[in-house]
Structure formats: C-alpha cells, structure tokens
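What follows is one structure encoded as structure tokens, with my remarks underneath.
The values are calculated or read from the model by the stated rules, or taken from the named source; none is laboratory data. Note that the structure is a prediction, hence the values are computed from the model and not measured. Glycine also receives a Cβ, built like all others from the backbone with ideal geometry; neighbour counts cover every protein chain displayed. The accessibility values were calculated without ligands, DNA or RNA, using every heavy atom of the protein model including side chains. Shrake-Rupley method; radii C 1.70, N 1.55, O 1.52, S 1.80 Å.
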Amino acid sequence: MKQQMIGFLLAHANPSIQLRIKKEVLQTITKQEEKALQEQILNEMRRTNLEKVEWLCRCGLYPYLPELQEEVRFVIDHIDPDGICSADIYEGEFRGWSPYFGAQLETDWRAKRRRQCDITFRALLIAHYAGILD
C-alpha cells in the first residue's frame, strides 16, 4: 500500500510534496532532481511583498542587496507591454486594515482595473526608487 501511495503522489502531487517524498521518505533524490523541484516550487508559489520591496528601494539598498535585486527583477518582469504589472503578491498585505497590514490604495479591489492600478503604481515606485526604468 505504501508504494501505491508514493506512486500516486509522485504522479499527481505538487512539486513541494514530490520533493519531500523523494527527500524524506525515499531518500533517493539527486542534487539535479532537488534543484529542478525547488525551481518549480519557486515558480509556482512565488509571491512578492511589494510594500517591503518599495521600502528597501526607498532606503537606497537596491545596489547592495542581491535578494532585493531579484525581487525587483521579478516585479519588472511582470509588467506587460501595456505597462500593467501583474506580479503575484500577498493580497492580505493590502486588503482591509489592522495594526499589522492594510496599505491598499484603491478603495475596492473587486474591480480588476483597480487592483491592477494599485499593483502597477507600486511597481512604478519600486522601479523609480531602484533607478532602473527611464
């Protein structure tokens, strides 16, 4: 039964489950397999915190932090030819208000255009403070 469960999960589960099965249960993963699965996990689950990226760029840290440069590239790579940013973000960071989050600029994200405006404005600020767009 264990082999059937493993076979099913390796064939159908998401990359993070596949990685854990190969690494923890089977203990037969190669470095190449691990790297490939980790890249899949990052590509499928990647989200960015636009507010924090903007703050760090405002502080002038873009030239000094490779991780920040990677996040800025991620945001910029998700700007389409029409100038609209579609980067995946942590929506909870902006929606609603509490002592811990709530920096939503548009009043309502139910309209797709308002959500796009909010995210695109933040992408513009990030690019501006990073000094990478003319």
- Query: Inside the range 1-45, can you point out the residues that are assigned to a helix (DSSP H, G or I), loosely packed, with under 13 Cβ neighbours inside 10 Å, of a type in the set (S, T, N, Q) and over 20 Å from the mean Cα position of the chain (by Cα)?
  - Reply: 3, 4, 32
- Of the criteria (1) in contact with a Leu (Cβ under 8 Å, 6 or more places away or on another chain); (2) open to solvent by less than 50 Å² (accessible area, probe 1.4 Å), which one residue 56 fails: (2)
- Do any residues in the range 63-89 that are exposed (fewer than 12 other Cβ atoms within 10 Å of the Cβ) have Cβ atoms under 9 Å from those of residues that are small (Gly, Ala, Ser), where the two are at least six apart or on different chains, and which pairs are they? 63/130; 63/131; 77/87; 80/86
- Considering 26, 105, 9, which residue is farther than 21 Å from residue 132 by Cβ, modelled with pLDDT of 85 or more, in contact with a helix residue (DSSP H, G or I) (Cβ under 6 Å, 6 or more places away or on another chain) and not hydroxyl-bearing (Ser, Thr, Tyr)? 9
- Message: It is to be established whether one or more residues within the range 89-97 are at pLDDT below 75 and in contact with a strand residue (DSSP E or B) (Cβ under 7 Å, 6 or more places away or on another chain).
- Response: yes
